[in-house]
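Please read the structure below before turning to the comments.
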Amino acid sequence: MNRIYDSVEPRVMDDDLLKLAVGEQGPQEEAGQLAKQEGILFKDVLSLQLDFQNILRIDNLWQFENLQKLQLDNNIIEKIEGLENLTQLVWLDLSFNNIKVIEGLDTLVNLEDLSLFNNRISKIDSLDALVKLQVLSLGNNQIDNLANIIYLRQFKHLRTLSLSGNPITQADDYKMFVYSHLPDLVYLDFRRIDDHMKALAELKYQYTVGELKHQEHLRQTRLEEERAQQGRLEEHKMAFVENLNGSFLFDSMYAEDVEGSKLSYLPIVGELLEVYKDKFVIICLNIFEYGLKQYDKRKLELDTFNECVREAIQENQEQGKLRITRFEEKHLLNLSAIREESELLNIEKKIVECSEDITELFNVLMTLEMQLVEQLEETINVFERNITDMVGLFIENVQSLMAQCRDLENHHHEKLLEIAVSTLEKIVKGELDEELPDDVRALFVDKDTIVNAVGASHDIHLLKIDNREDELVTRINSWCTHLIDKIHKDEVMRNRRRVKEINQYIDHMQSELDNLECGDLD
């Protein structure tokens, strides 16, 4: 049976309810009481129990970003929602609610155990993102089609499935169908699957399952090819030369060029257009291949820079750790000597010496940091010059190649104009042997009309070339600017963190010494 609205008013999942639940489920000892007084951060909660709360709508859970277990069973929830931020969730119980549709689980990529027992669900779907799913409980719902079992084949880690209480279980071949179509399943409806029965089921459905595997293989192959193609496109975008490895730019020039399409029917223009396209595409391919090579060079430059920075920081940190280790060894001996010393003057003298050692360590660590800052500043400046030069050279060469595209367009325009004017003269004299479509012949009313038509086509083509060049130049300049800005900002933040670490450590050492001084002098 499903939960029905009882006489109690449906509850809202507000902060008060969540705080109460977190508080009640937290530790009860002294540490737990202290946490209650100071307040518990929702982001630190790993498990949350909200069963039997008469909750109608899932809400206000966005702060529980590290939650791993969520119990929402025995409520009156009608829709799965509000779980988008719970990406660390491993266990989710939504049993005994009024849910009709499986949805709202797309971000729960770490979910392993899902219970939707005793709801109103009629179809198993929208679970694709749950790649780690191991346990699925869907008993006491309204699932009546064996095709739902086929959908579950994609979950390679699924070992436990419960469908008892659904109409589907009344089918004569229900269990054999499940055994054969979900071969990795270990438990079905709370019982371990018998190996002998599984073997019989696989034999009975071998041809059906074999065809399924074939179709799944074809789909997987297509999917992998699509992913590979998308990966290549992303790489081409990072090189700023996407869609230049073919006729895309050329085709786009004519996609919106109505007049140009009409003019292609003129005598000889078809052949002229083919030659023009071949030469244009060759230039685009040159830009594309050059762009990929330059991308590899920029990537190598960036990787080399990052490695230099990493090595410099690591070497500097090792020097700092060595100085700290030496200091701490000496410092511990001095502290022991102070505690054992009985003469007040000797104690004061040793404390002064310890304080001087702390100051000396601070100076050493800050000097190391300043040396690192200078070293990294020089490294960053060299990288900035190199990457800026590389980008500048890339832009210069691409603009040169794009100029060749414009030259081709200008040459084609001149030839096309000659043919168009010549055709007009033949039409006027009645000497044109070729038949032209009516919309093409309509362009040849006078010389101004045909010249304007050819010119309009030419302008569209030049605009497409100019726009593609401007887009490439703008994007790579923007990339270069943002990269350099980020490198400078990252270094500033690194330096601030390091200075803060040094100050905190020195303050701790000095505070420890001050406390010892007060205790001993007393």
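The values are calculated or read from the model by the stated rules, or taken from the named source; none is laboratory data. Small disclaimer: the values here were computed from a predicted structure and weren't measured. Here the Cβ positions follow ideal geometry from the backbone for every residue, glycine too, while neighbour counts run over all protein chains shown. These area figures cover heavy atoms from the full protein model, side chains too; ligands, DNA and RNA do not enter into them. Shrake-Rupley method; radii C 1.70, N 1.55, O 1.52, S 1.80 Å.
Inside the range 48-58, can you point out the residues that are part of a strand (DSSP E or B) and under 14 Å from L83 (Cα atoms)? Write out each step before concluding.
Taking the range 48-58 first, the residues part of a strand (DSSP E or B) are 48-49, 55-57.
Listed by number, the residues that qualify are L48, R57.
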| task | Examine the range 110-122 for a residue that is touching a residue at least 60 places away in the same chain (Cβ under 8 Å), open to solvent by 30 Å² or more (accessible area, probe 1.4 Å) and part of a loop (DSSP other than H, G, I, E, B), and state whether such a residue exists. | result | yes
| task | Can you run down the residue pairs with Cβ atoms below 6 Å, 6 or more apart or on separate chains, where the first is in the range 269-280 and more than 15 Å from G246 (Cβ to Cβ) and the partner is in a helix (DSSP H, G or I) and charged (D, E, K, R)? | result | L272/K415
| Restricting the search to the range 263-276, which residues are assigned to a helix (DSSP H, G or I) and hydroxyl-bearing (S, T, Y)? | Y276
| message | Within the range 157-172, take every residue that is more than 21 Å from N118 (Cβ to Cβ) and exposed (fewer than 13 other Cβ atoms within 10 Å of the Cβ) and give me the one that is farthest from the chain's Cα centre (by Cα). | response | D172
| said: Being within 30 Å of L70 (Cβ to Cβ), touching a residue at least 60 places away in the same chain (Cβ under 8 Å) and of a type outside the set (S, T, N, Q) is the requirement here; does R159 meet it? | reply: no
| task | Kindly indicate whether any position in the range 178-198 is touching a strand residue (DSSP E or B) at 6+ places or on another chain (Cβ under 6 Å) and of a type in the set (D, E). | result | yes
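Test of understanding: among L92, L46, which residue is under 25 Å from R11 (Cβ atoms) and open to solvent by less than 30 Å² (accessible area, probe 1.4 Å)?
Working: L46 fails: open to solvent by less than 30 Å² (accessible area, probe 1.4 Å).
Of L92, L46, the one residue that is under 25 Å from R11 (Cβ atoms) and open to solvent by less than 30 Å² (accessible area, probe 1.4 Å) is L92.
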| field | E425 being outside any helix (DSSP H, G or I), open to solvent by 80 Å² or more (accessible area, probe 1.4 Å) and not polar (S, T, N, Q) | value | no
| said: Any residue at all in the range 297-320 that's over 30 Å from C480 (Cα atoms), basic (K, R) and surrounded by 14 or more Cβ atoms within 10 Å (Cβ to Cβ)? | reply: no
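I'd like the residue in the range 350-373 that is polar (S, T, N, Q) and either under 23 Å from S336 (Cβ atoms) or at pLDDT below 90 (or both) and, out of all such residues, is least open to solvent (accessible area, probe 1.4 Å). If you could, list the steps in order and put the result at the bottom.
So in the range 350-373, the residues polar (S, T, N, Q) come out as 355, 359, 363, 367, 371.
The next check asks that each one be either under 23 Å from S336 (Cβ atoms) or at pLDDT below 90 (or both); those that pass are 355, 359.
Numbers: S355: 37, T359: 72 Å².
Here the answer is S355.
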| query | Between residues in the range 233-262 that are over 21 Å from Q294 (Cα atoms) and residues that are polar (S, T, N, Q), which pairs lie under 6 Å by C-beta distance while being six or more apart or on different chains? | reply | D257/S457; E259/S457; G260/S457
| task | Looking at (1) surrounded by 12 or more Cβ atoms within 10 Å (Cβ to Cβ); (2) at pLDDT 95 or above, find the lone condition where I324 falls short. | result | (2)
| query | Which of the residues belonging to the range 143-177 are closer than 18 Å to S122 by Cβ and of a type in the set (V, I, T)? | reply | I143, I149, I150, I168, T169
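What residue, of A403, A420, A453, is open to solvent by 30 Å² or more (accessible area, probe 1.4 Å) and not basic (K, R)? Break it down stepwise before answering.
Details: A420 fails: open to solvent by 30 Å² or more (accessible area, probe 1.4 Å); A453 fails: open to solvent by 30 Å² or more (accessible area, probe 1.4 Å).
Going through A403, A420, A453 in turn, just one is open to solvent by 30 Å² or more (accessible area, probe 1.4 Å) and not basic (K, R): A403.
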| task | Quick one: N140 ticks every box in (1) more than 33 Å from the chain's Cα centre (by Cα); (2) open to solvent by 10 Å² or more (accessible area, probe 1.4 Å); (3) more than 20 Å from I102 (Cα to Cα) except a single one, so which number is it? | result | (3)
| field | Test result for R298, on the phi < 0 side of the Ramachandran plot, under 34 Å from the mean Cα position of the chain (by Cα) and in a helix (DSSP H, G or I) | value | yes
| query | A147 versus (1) small (G, A, S); (2) open to solvent by 40 Å² or more (accessible area, probe 1.4 Å); (3) more than 27 Å from E202 (Cβ to Cβ): which is the lone unmet condition? | reply | (3)
